[in-house]
Amino acid sequence: MSDTLTRFDTRDLRAYVDILTLPSQERVPQAFGKTKVTRSIELPPLLTQLEDAIRSTMNPGKTAGSRMSSQMIPLDSDALYRFALISNAIQDWCRLAGIDRKHPVDGLRAWHAVTLAWTGYDPTWHVEQLRGWVSLIRSKVDPPRTLELTITCPTCTAGVWVNADGDTVPHPLVVQYRPDGVGSILTHATARCRACAAEWRGEMALRSLRWGTEEGEQS
Ligand SMILES: [Zn+2]
């Protein structure tokens with residue numbers, strides 16, 4: 001797959017505009033022994049998540065890694081910078097399309113509505129920008145999700161592993177994935193056995209673990 005040759009169409013444009021500007025239903029696969037359940041949770045639009053992150057530094061709940069929680073930082077300047085960068089670009093797009101909107105979520109939606117009337121419009125360049133913003137925001141607000149599988153490891157057959165505290169605990173297999181609403185969540189997922197360090201990367205490999213058959217389908 002060469003990214004430089006990829007052309008995008010208006011469906012891709014809509015998909016990325018929606019990811020950035022609409023709340024999303026995320027299907028969270030959960031495996032309990034023999035039972036597999038898919039639960040839906042609603043997430044705010046990605047742009048809103050980034051805006052929220054500007055002021056969420058004091059709440060170390062979802063952020064990956066160890067932040068100095070005792071240190072009171074009023075603003076996350078990195079989130080602020082990313083949000084300003086994207087907001088300014090959307091404002092430029094709106095200005096060129098003759099739209100005046102204050103907030104980038106409204107702006108991007110209004111701009112997209114205008115593009116629907118453009119004949120012969122090739123959205124490739126805009127889709128590339130939107131994709132870039134999606135990964136820029138994701139790397140900030142969306143650390144990979146983790147799911148423990150309750151099956152034994154097909155490589156070492158272990159059903160337990162030793163954690164950082166030295167305790168022997170069940171479920172050595174763990175999957176990390178990033179839901180992005182486009183394509184299968186399994187495409188960029190990685191499974192790892194914490195007993196033998198075996199790894200499975202990508203959709204085919206993960207399907208071979210007999211997990212995610214339904215979860216991988218995009219509705
Ligand atoms: Zn193993």
(request) Scan region 119-133 and report the pairs whose first residue is over 10 Å from Leu13 (Cβ atoms) and whose second residue is modelled with pLDDT under 95 and of a type in the set (Phe, Trp, Tyr), with Cβ atoms within less than 8 Å and a gap of 6+ or a chain change. (result) Glu128/Phe8
(request) Mind listing whichever residues of region 153-163 are near the ligand (Cβ under 8 Å from one of its atoms) and over 16 Å from Glu199 (Cβ atoms)? (result) Thr157
(request) Scan Ser66, Ser24 and give me the residue that is at pLDDT 80 or above, among the polar types (S, T, N, Q) and in contact with a Pro (Cβ under 9 Å, 6 or more places away or on another chain). (result) Ser24
(request) Tell me, please, whether a residue that is in contact with a helix residue (DSSP H, G or I) (Cβ under 9 Å, 6 or more places away or on another chain) and either over 30 Å from Ser208 (Cα atoms) or without any contact (Cβ under 8 Å) to a residue 60 or more places away in the chain (or both) can be found in region 158-177. (result) yes
(request) Given the conditions (1) at pLDDT below 85; (2) away from the ligand (no atom under 16 Å from the Cβ); (3) in a loop (DSSP other than H, G, I, E, B), report the number of the one that Asp100 does not fulfil. (result) (1)
(message) Contact list please: Cβ distance under 9 Å, first residue in region 198-219 and modelled with pLDDT of 80 or more, second residue of a type in the set (Lys, Arg) and surrounded by 15 or more Cβ atoms within 10 Å (Cβ to Cβ), pairs at least six apart or on different chains.
(response) Ala198/Arg192; Glu199/Arg192; Trp200/Arg192
(request) Looking for whichever is within 16 Å of the ligand (Cβ to nearest atom) and surrounded by 14 or more Cβ atoms within 10 Å (Cβ to Cβ) here; the options are Arg192, Arg109. Which one fits? (result) Arg192
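The values are calculated or read from the model by the stated rules, or taken from the named source; none is laboratory data. Since we're looking at a predicted model, the values are computed, not measured. Don't worry about glycine lacking a Cβ; one is built from the backbone with ideal geometry, like all the others, and counts go over all protein chains shown.
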